[in-house]
Each structure stands twice: as C-alpha cells, then as structure tokens.
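Student: Below is the structure I would like to discuss, written out as structure tokens.
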Amino acid sequence: MQKQSNTPIKDNSSLQVLYDLRYMFMMCGVFSMYAGLIYNEYLGFPLDLFGSCYEGEVKVCTYPLGFDPAMASSLTFSNSVKMKLSIILGFLQMTLGIIAYGMNAHFRADYVSLLLVFPSRLLFFCCTVGYMVFCIVLKWLK
C-alpha cells in the first residue's frame, strides 16, 4: 500500500519529485555557501572580506577565514589547496558513512555485517585514502 503524503501537489508529476527533495536542495545550497566561504570565493571570483594580511611582501597577521586575497591570485596555489581540502572533506564524509553503516548494523543486530563487513571497509578505506590524507596533512605541517 502506498503512503499518502500531505503535499500541495496532488498529481503524480515531476513537481512532486522536486517537492519531495526540497530539503536536499536546500542543504546543497547551504553547503555551497559554506564551501564558498571556506574558499573565500563567490561564483569563482575571490572575495576581499577582511582585507589582506600582506603589506608588500611581509605578512603582518593571520587571515581569519578562507584565502587571503593576495594569495588567491596564484592559481596553482589556490587550485592545489582546493583539491586537497576536497579530498579531506570527502574522506571525513565517507568515514562518517562507514561508521553510520556500523551503527545501523548494530541497531539491526546484524552481527555478521558488524563483525566482518564494517571493520574490513573501515580498515581498507583508512589504509588507502586515510594514508593519502595523512600525507597531505603531514606535508602542510612541515
């Protein structure tokens, strides 16, 4: 039996699909604004929200959020940092998904998945992608 929804759209159209996914679209928009704030960009153009921390070639302060506009002019630097931050955020998100899988297996009392599938997924993922993230962070700290 199909569950009836209390939506303003009564027919079975493509508008119903958009209405059902409205919160996902909202969260995509919120995350895109968050990512733009981290990268200090809007539509690919660098923002100068706090001014620059460079006076000539001398750095006089720490930029509070995102890229310093003086550093954003270097395309290779900004693309490199964006790529590395995307890898780290993707690693964190996928690790959270694997942990959620393990919690769901525990909740459903599916102990075969909890004891065999969950640890092997977590170990394989952390040994491959986690090592790459570790190398990225280690290079940044040097």
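The values are calculated or read from the model by the stated rules, or taken from the named source; none is laboratory data. Since the structure is predicted, the reported quantities are computational estimates derived from the model, not experimental observations. Counting neighbours? That spans all protein chains shown, and the Cβs are built from the backbone with ideal geometry, glycine included.
Student: Could you please find all residues in region 19-65 being of a type in the set (Gly, Ala, Ser) and under 17 Å from residue 78 (Cβ atoms)?
Tutor: Result: 35, 36, 44, 52.
Student: Against the definition (in a helix (DSSP H, G or I) and at pLDDT 75 or above), how does residue 52 come out, yes or no?
Tutor: For residue 52, the condition - in a helix (DSSP H, G or I) and at pLDDT 75 or above - is not met.
Student: Please find, within region 72-104, the residue that is nearest to the chain's Cα centre (by Cα) out of those that are within 21 Å of residue 141 (Cα to Cα), small (Gly, Ala, Ser) and surrounded by 13 or more Cβ atoms within 10 Å (Cβ to Cβ).
Tutor: For region 72-104, the residue satisfying everything is 78.
Student: So which of 86, 120, 78 ends up being farther than 30 Å from residue 29 by Cβ and not in a loop (DSSP other than H, G, I, E, B)?
Tutor: Values: 86 fails: farther than 30 Å from residue 29 by Cβ; 78 fails: farther than 30 Å from residue 29 by Cβ.
Testing whether each residue is farther than 30 Å from residue 29 by Cβ and not in a loop (DSSP other than H, G, I, E, B) leaves just 120.
Student: I need the full set of residues from region 52-67 which are touching a residue at least 12 places away in the same chain (Cβ under 8 Å) and farther than 16 Å from residue 36 by Cβ, in order please.
Tutor: Answer for region 52-67, where residues must be touching a residue at least 12 places away in the same chain (Cβ under 8 Å) and farther than 16 Å from residue 36 by Cβ: 52, 53, 54.
Student: Scanning region 14-47 for residues that are in a loop (DSSP other than H, G, I, E, B) and loosely packed, with under 12 Cβ neighbours inside 10 Å, which turns out modelled with the lowest pLDDT? Give the derivation first.
Tutor: Let us first name the residues in region 14-47 that are in a loop (DSSP other than H, G, I, E, B), namely 21, 40, 43-44, 47.
From the residues that got through so far, the ones that are loosely packed, with under 12 Cβ neighbours inside 10 Å too are 21, 43-44.
Working: 21: 88, 43: 76, 44: 71.
It comes out as 44.
Student: Of all the residues that make up region 105-117, how many are surrounded by 10 or more Cβ atoms within 10 Å (Cβ to Cβ) and assigned to a helix (DSSP H, G or I)? Talk me through it step by step, then tell me what you get.
Tutor: Taking region 105-117 and keeping what is surrounded by 10 or more Cβ atoms within 10 Å (Cβ to Cβ), we get 105-106, 108, 110-111, 113-117.
With the extra rule that they be assigned to a helix (DSSP H, G or I), the set shrinks to 105-106, 111, 113-117.
The total comes to 8.
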